[in-house]
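The values are calculated or read from the model by the stated rules, or taken from the named source; none is laboratory data. Predicted, not measured: the structure shown is a model, and the values here were computed from it. In case anyone asks, the SASA skips ligands and DNA or RNA and just uses the protein heavy atoms, side chains included. Shrake-Rupley method; radii C 1.70, N 1.55, O 1.52, S 1.80 Å.
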Amino acid sequence: MKQANSRRPITILWLQVGLSLASLPCFAQTDPGVQSGNRGTGATIINPANDPNGFTAFFNAGSDQFQEVEAVSPNGLGPRFNSNSCSSCHIQPAVGGSGGAINPQFQFTSNGVAPGDTTPPFITANGPTREARFPFFFNSNGSVNFNAPNGGVEDLFTVTGRADAGTCKLVQPSFQAAINANNIIFRIPTPTFGAGLIENLDDSTLLKNQQVNLNNSFGIGGAFNRNGNDGTITRFGWKAQNKSLLLFAGEAYNVEMGISNLIFTQDRPLPGEDQHGTGLPANCLNLGGKGYPENVTTPTAASNAEVLDDINAFANFMRFLAPPPTGGVVLNGQPVSASDISAGAKLFSAIGCATCHNSTPGTTQPSNLVPALSNVPVPAFSDIEIHHMGSTLADNVSQSNAGGDQFRTAPLWGLGQRIFLLHDGRTTNLLAAIEAHEGNGSEANFVEFNFNNLSPTQQQQILDFLRSL
């Protein structure tokens, strides 16, 4: 894994923690905000009348599993976790999306999910659903060791005090110490709508699209993150660190819920316990009493769809979620005209935003799963590449080939109904998210300059266009 080598203090994140919405910057232009109403997001891409392999049943079974609330016994939750259900993090505006307006993590210490723990200070009732990482390990005296990159997930909660956890007792990570040392960063859930289309883009298509993108006058480069096993392009996660939806699901089940599975087959210690300690204590292993991995296939299940292990069920659910439809925009109680949205789309391209946020990076390859995934454009508004985003957005965490200030171009489809923005959910204001693209070393600086030099009306048109996605 490529290691982060920057020693720059990470200040931008903690300027945001604990701020109320009223304390966000004020702009002349107005973010239309999260658009209400049912745009049809969350439906399946499968046409039941044209499903030769019968995957509709697997989508429905995956949807059920995606919403299941896990317990220590019999499911295998813990011994450390961030949440107890996929849908608790992926719920806005429908199951499979991003974080919701109400953060379920805030209630875990009082509703029995994590009764022996304390709610971390950056988890609030109406703030973003988050995971936390320490970019660097700590020395034994509590100081930050900038020569020892970390970046692994520090699970927020433990099973300590639960009736189904036996004698397992664990201490939460020292979040307050990390805050005081300015050695903590956050990630929020990525929406999974349309993920099957992104998975079904072949490398050749992405590489050809990259060559088109590189022919620009905005100073924008870009690269692909790649799989360490076969060298092919990876595409899921904030830094495009995961190759497939199955790998994405397996990692989340193990890291976010602590459930071992057919890809990640052991209980996961914290980074410090794993690399600089002794691992998990013996009385915190195999808490469900079934052995490892805790979740496997069930050949004796009554229906075909139920035979699959959970991570394959999750992957099928995400794989067959349709792209989020576009929709109209309401600003200050009034509908925005189609001509303004169209003008915003043209400006978005003209000033350079679409150099990374491509309206589509290409057309999918033929699918052996369902016809709906075959030979269709992918209107993701992303090039699937990783870009240097500079000092404002840098998190000093490296994942595979993506360095401390590199992130995958976030797909913008569904942005109109997304609440929390950027990789860490630091703002709900779309204009503030745009401004955060500017920073020392950012590939977006020239584009940001172009945006800032638009008239207020033109800037508003771009905001209106983005909320139509």
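Details
- Accessible surface of K346, taken over heavy atoms with a 1.4 Å probe and every protein chain present, rounds to 140 Å².
- Part-to-part distance (alpha-carbon centres) for the range 293-330 and the range 252-292, which is given in Å: 23
- The orientation-averaged projected area of the convex hull spanned by the Cα atoms of the range 13-162 comes to 14.4 nm².
- Each principal axis of the Cα cloud of the chain was taken in turn, and the coordinate range along them, longest first, works out to 63, 59, 46 Å.
- The range 348-469: C-alpha gyration tensor shape, a/c 1.5 cut-off, then a/b vs b/c: oblate
- Whole-number accessible area per residue in Å² for the range 319-469, which is evaluated in the context of all protein chains at 1.4 Å: 33
- Rounded percent of accessible protein surface that carbon and sulfur make up, the range 337-469, 1.4 Å probe: 56
- With Cα atoms defining each centre, the range 340-382 and the range 136-213 are spaced 28 Å apart in the structure.
- With contacts taken as Cα pairs under 8 Å at a separation of at least 6 residues, the chain carries a relative contact order of 24 percent.
- Phi angles across the range 97-113 convert, under the Karplus curve 6.51 cos²θ - 1.76 cosθ + 1.60 with θ = phi - 60°, into 3J(HN,Hα) values of x, 9, x, x, 6, 10, 8, x, 4, 5, 9, 4, 7, 10, 10, x, 6 Hz, Gly and Pro given as x.
- S174 accessible area, 1.4 Å probe, all protein chains in place, Å² to nearest 10: 80
- By the compact-protein rule of thumb, 2.2 N^0.38 Å, the alpha-carbon radius of gyration of the range 273-414 corresponds to a ratio of 1.55.
- Apportionment of accessible area to carbon and sulfur, the range 252-313, percent (1.4 Å): 53
- What the range 65-137 shows is 31 Å² of accessible area per residue, with the surface traced by a 1.4 Å probe over protein heavy atoms.
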